[in-house]
Amino acid sequence: MSVILFPVSGFSQQYDDYPEVPGTGIAYATTADFTPGPGTVLTNADNALGVPDDGAVPLGDGGILILGFEPYEISGDGTDATDFSVIEQGEVEKFSTFVSTDETNWVQLYPAYIKTNSAGSTYGFDVDAISGETNHYKYVKLVDTSNTPGPNYAGADIVGAVITSGSYVGGGDIVDTDSRNGIVYNLERDKTSGAVDVKRIKKDGSVEHIMFSNDDSLEPIALSVQGNFDCDDEKDINVLAKRKSDGVPLNIIKDQQGNDIKTIDNSVTN
């Protein structure tokens with residue numbers, strides 16, 4: 001997976017070869033409830049979880065995919081900028097998009113941004129366009145409306161969803177802490193989902209969360225904000241964590257904006 005930042009109308013971000021997402025991704029889908037339609041061989045939606053890559057979920061004719069983003073939710077920024085995006089792989093096949101706070105009451109949204117290339121399409125959505133008292137949403141529902149039956153990969157092929165304006169709503173146990181230039185960094189593990197993040201507390205008291213996992217696949221061990229790995233004169237965030245699937249310790253290194261720099265697999269370097 002490659003991520004590229006573009007200085008176009010502010011920031012945009014590209015995942016693999018798909019059209020860029022307007023804004024910088026801060027969270028990705030962590031849960032999926034999938035009701036496949038006829039004409040798809042896939043019965044689970046794992047390919048739509050996490051950072052978008054070259055995997056996709058064919059919805060099937062009329063299939064329904066509901067994505068959740070715990071410990072984040074989509075929140076409007078009070079402007080007409082897009083707050084989340086959905087990436088589709090391959091040719092354009094129609095689907096409808098809805099948001100909800102409770103998975104019961106759904107509001108349909110229409111794209112405020114569409115960009116297409118040979119790899120697929122990116123659709124950006126602005127929740128501030130929804131009239132009402134709330135602009136915070138925990139779930140996105142995608143319903144295939146393409147009417148394109150087929151034997152194996154019918155319907156829209158969903159790569160994933162990216163939140164670019166959101167709120168952290170989890171609560172975490174602090175595992176380690178560090179500080180740099182007046183900023184406090186707390187390594188946290190979410191009590192509910194097990195997601196691992198670094199909480200940045202600035203001098204003015206404002207808080208940002210940089211995600212290192214969106215599920216309980218990692219056991220956080222230690223944190224360091226002392227090294228500069230990409231030679232940009234800014235100290236990077238180095239999290240030591242154990243991968244639960246095989247017990248291998250990893251050094252996961254991100255910059256101050258949360259962009260991946262490198263991951264060191266310590267089973268290889270022994």
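The values are calculated or read from the model by the stated rules, or taken from the named source; none is laboratory data. Source: prediction; values computed, not measured. Note that each Cβ is placed from the backbone with ideal geometry, even for glycine, and that neighbours are counted across all protein chains shown. All accessible areas refer to the heavy atoms of the entire protein, side chains included, with ligands and DNA or RNA removed. Shrake-Rupley method; radii C 1.70, N 1.55, O 1.52, S 1.80 Å.
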Please go through the range 147-186 and give me each residue that is assigned to a loop (DSSP other than H, G, I, E, B), more than 28 Å from residue 16 (Cα to Cα) and over 24 Å from the mean Cα position of the chain (by Cα), ordered by number.
181, 182
Please report, ordered by residue number, the strands (runs of 3 or more DSSP E) entirely within the range 90-140 with at least 3 residues that are within 18 Å of residue 59 (Cβ to Cβ) and in contact with a strand residue (DSSP E or B) (Cβ under 6 Å, 6 or more places away or on another chain).
95-100, 120-125
Just to confirm my filter: which strands (runs of 3 or more DSSP E) fall fully inside the range 209-254 and include at least 2 residues that are among the basic types (Lys, Arg)?
237-243
Residues of the range 46-65 classified as more than 14 Å from residue 87 (Cβ to Cβ) and part of a loop (DSSP other than H, G, I, E, B), total:
4
Checking residue 148 against (1) open to solvent by 20 Å² or more (accessible area, probe 1.4 Å); (2) more than 20 Å from residue 58 (Cα to Cα): exactly one of these is not met. Which one?
(2)
A careful count of residues in the range 187-212 that are closer than 19 Å to residue 70 by Cβ and more than 21 Å from the chain's Cα centre (by Cα) gives 0
Kindly indicate the residue of the range 188-216 that is surrounded by fewer than 19 Cβ atoms within 10 Å (Cβ to Cβ) and acidic (Asp, Glu) and also farthest from residue 30 (Cα to Cα) among those meeting that condition.
204
